[in-house]
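Written below as structure tokens is the structure these notes are about.
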Amino acid sequence: MGNDHYDVIVVGGGFGGMCAAARLADKDYKTLLVERLAFLGGRTSSIDNDGYQISTGAIAIPGGGIIEETYKDVGAEFNVRTFKPEMVFRIEGKDYDEWSVGKGLFNSMYEYAADKEGALKVIDAIGRAVTWQFPFGTTSLKDWLSQHTDDERIYYAFQPFCIALLGTNIHELPVSEFFAWMAQGKENRGVYLNYAHEGNAAFLEPLEKVIVEKGGKILKETEISKIIVDKFVVKGVVIETDDGEKEISANAVISNVGPKKTVEITGEVNFDKAYLDEVGKISPTPLVVIANIISDEPFFEHDGLVWPIGNPPLVCLITPTNSCPELAPPGKHILQSYSGIMEPRSEIDVKSEIDLNLETLYELIPDAKVKGRVLSVGCWHKEWPLFHSVWYDIPPKTSVVNLYNVGDGVKIPGLIGVSLCAETARIAVEDIINSFDPGE
């Protein structure tokens, strides 16, 4: 493998790892990116299934924010297509597409509510919180809402957003995190949504090109068995090869495999107890099911995200081929149906959740059963979750010197998904740049 020392080793080639590696290579840091799978991008990639480009996770790519900034900073082509309207709200068979996400949430909640007075109280309480003081602490969003109403229909109006955008249920989500997300939305008013119209894998190719062309090295289908630490300072990694284990040294290591996995492959003995206590609080996000239904004609005319209010467990429906026909064979369409766990469960029957997704979808759109065909069904949970972390504010820096976490396992209040991955990568790389020069 040549010189077995690198300025930085990136563990995991998910979107956060790719953004970090591209930024480092662009600044002339000798960078090694190691990925255990045969493809890069993790849950931000896509696979070709019989000519259909099916996402491995990420749905839409925000533009006008940290992701587009990352591509611009490293000289990578930001190849996406904007769709309109971004959000459509379906309430009891009627579609509303004139609402923004904030207004849409409140208006759809009021429209769907049985307790109109309670809905107005909720809207008023949110207004007071936004203009005066955000709620803080660990009180759940559901408990906070219950101060003003016991209308289950109001709770279900919030539920799709909580699962699809924040990765958890309203009875689990701290109300403080909900308001942090609202604050980020207000701050990022210039952000708009796009599809990677040739598939997420094609969207990632410019980042991979930057890494390689600027001197970085990428190892795919390679497992890292250990992150090496000496006296609480990171020293490198151990990789699995056909000839056995191989040690590679580095000045810094960036992990994109989630804080829990990072601790596991590094060894708890190397971390501060306070850090371990916080990482130990991380709990899995609920099971999310996606069904890909293919057809000759689209079942929605809308390009954007359709929120079916009051149709649990469905949380979101999308027909990306309306604006991006490249995602399917000529004349074909994809309907993506997302659903999530709505109530606390001690045991989850994955098959039952998949069946419920399809059953509810067919009730909402009968033509999907008659004129569509299930191409594939996937689940996000366990080792392939919707998000690695939801609301625990774990910073990119670990308690081990020069060891960082990036990705959606690290938390910045209000940020989610691919934007969170890109921002944590920016923070970690910026700290490395301020710590040592390339080649030191």
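Taken together, the values in this text are just the output of simple stated rules run on the coordinates, not laboratory data. The shown structure was predicted, so the numbers you read here are calculated from the model rather than taken from an experiment. So basically every Cβ, Gly included, is an ideal-geometry build from the backbone, and we count neighbours across all protein chains shown.
To check you understand DSSP bridge types, tell me what percent of the beta bridges within the chain (both residues inside) are antiparallel, rounded to 5. Present the calculation step by step, with values, prior to reporting the outcome.
Details: 48 of 71 bridges.
Roughly 70 percent of the DSSP beta bridges within the chain come out antiparallel.
Go through segment 222-321 and name the trypsin sites (Lys or Arg not before Pro) that are in a DSSP coil and have 15 or fewer other Cβ atoms within 10 Å of their Cβ.
On the way: sites: K226, K231, K235, K246, K260, K261, K273, K281; in loops: K231, K281.
Within segment 222-321, the qualifying trypsin sites (Lys or Arg not before Pro) (loop, at most 15 other Cβ atoms within 10 Å) are K231, K281.
Rounding to the nearest 20 debye, state how big the charge dipole of the chain is about its Cα centre with +1 on each Lys and Arg Cβ and -1 on each Asp and Glu Cβ. Walk me through the numbers before you get to the answer.
Details: 40 positive and 65 negative charges, 93 e Å.
I would put it at about 440 debye.
E92 versus D272, label points 7 Å from Cα toward the beta carbon: distance in nm?
Calculated label separation equals 5.4 nm.
Quote the FRET efficiency, to the nearest 0.05, computed for E213 versus S249 with a Förster distance R0 of 25 Å and r equal to the Cβ-Cβ distance.
Numbers: r = 24 Å, r/R0 = 0.98.
After rounding to 0.05, the efficiency reads 0.55.
How would you order 107-115, 311-319, 405-413, 299-307 from highest to lowest mean count of nearby Cβ atoms within 10 Å?
Details: 107-115: 19.0, 311-319: 22.6, 405-413: 26.3, 299-307: 20.9.
Put in order of decreasing packing, that is 405-413, 311-319, 299-307, 107-115.
Tell me, what HN-Hα J-couplings in whole Hz come from the Karplus equation 6.51 cos²θ - 1.76 cosθ + 1.60 at θ = phi - 60° for each residue of segment 85-95, using x for Gly and Pro?
Ordered by residue, 3J(HN,Hα) equals x, 5, 10, 10, 10, 9, 10, 6, x, 10, 9 Hz.
Where in segment 190-211 is the amide nitrogen less than 19 Å from a point lying 7 Å along the Cα-to-Cβ axis of R81?
192-206
Which number comes out as Rg/Rh for segment 302-440 once both Rg and the Kirkwood Rh are worked out on C-alpha atoms?
Numbers: Rg = 20.1 Å, Rh = 18.4 Å.
Radius of gyration relative to Kirkwood radius: 1.10.
How much of the calculated P(r) for the chain lies past 32 Å, in percent of all Cα pairs?
Values: 37180 of 96580 pairs.
Tail fraction, whole percent: 38.
Mind checking which aspartates and glutamates have their C-alpha under 15 Å from K220, skipping anything on the same chain fewer than 8 residues away?
Straight-distance partners of K220: E35, E205, E208, E240, D242.
Mind giving me the nanometre distance, one decimal, between the label points for A202 and E152, set 7 Å out from Cα along Cα→Cβ?
About 4.5 nm, to one decimal.
Between V374 and Q133, what length in nm is gained on full extension when 0.36 nm per residue of separation is reduced by their alpha carbon distance? Please report the intermediate quantities before stating the final value.
Working: separation 241, 0.36 × 241 = 86.76 nm, distance 4.70 nm.
Difference between extended and current length: 82.1 nm.
Provide, for segment 1-130, the number of lysine pairs with alpha carbons under 27 Å apart, each pair being eight or more places apart or on different chains.
10
Counting only the backbone N, which residues of segment 247-281 are under 16 Å from the spot 7 Å out from the Cα of V401 toward its beta-carbon?
Once the point is set 7 Å along Cα→Cβ of V401, 250-253, 270-272 turn out to lie under 16 Å by backbone N, inside segment 247-281.
Amide H to amide H, which residues 5 or more places from N405 or on other chains are under 5 Å from it, using H placed in the peptide plane?
The answer is S255, K397, T398.
Calculate one ³J(HN,Hα) per residue across segment 424-429 by plugging θ = phi - 60° into the Karplus curve 6.51 cos²θ - 1.76 cosθ + 1.60, and present them in order as whole Hz with x for glycine and proline.
5, 5, 4, 5, 5, 5
For a label point 7 angstrom out from the Cα of V191 toward its Cβ, which stretches of segment 397-413 have the backbone nitrogen within less than 19 Å?
Only 406-413 pass the distance filter.
Just give me a number: lysine pairs in segment 301-416, eight or more positions apart or cross-chain, with C-alpha atoms less than 22 Å apart. Could you put the intermediate results ahead of the total?
On the way: K332/K369; K332/K371; K351/K369; K351/K382; K382/K411; K397/K411.
The number of close lysine pairs in segment 301-416 is 6.
Say R0 is 56 Å: what FRET efficiency, to the nearest 0.05, do K382 and E297 get from their beta-carbon distance? Before the final figure, lay out the partial values.
Working: r = 36 Å, r/R0 = 0.64.
With a Förster radius of 56 Å, E is 0.95.
Taking θ as phi - 60°, what are the ³J(HN,Hα) couplings along segment 141-153 by the Karplus curve (6.51, -1.76, 1.60), each to the nearest whole Hz, with x for Gly and Pro?
Values per residue, Gly and Pro as x: 4, 5, 5, 5, 5, 5, 5, 10, 6, 10, 6, 4, 5 Hz.
Residues with amide H under 5 Å of T168's amide H, sequence separation 5 or more or different chain, H placed in the peptide plane at 1.01 Å from N; which?
I163
Spin-label point model (7 Å from Cα, Cβ direction): what's the H5 to N49 distance in nm?
My value for the distance between the label points is 4.7 nm.
For segment 138-263, what is the percent of antiparallel DSSP beta bridges, rounded to the nearest 5?
Numbers: 13 of 13 bridges.
For segment 138-263, the DSSP antiparallel bridge percentage is about 100.
Rounded, prolate or oblate for segment 1-151? Axes are the square roots of the Cα gyration tensor eigenvalues, ordered a ≥ b ≥ c, and the cut-off for rounded is a/c under 1.5.
Details: a/c = 2.75, a/b = 2.01, b/c = 1.37.
Prolate, because a/c is 1.5 or more and a/b exceeds b/c.
Name the residues whose placed amide hydrogens come within less than 5 Å of the amide hydrogen of Y6, ignoring near sequence neighbours (fewer than 5 apart) on the same chain.
Distant-sequence amide H within range of Y6: S249, A250, N251.
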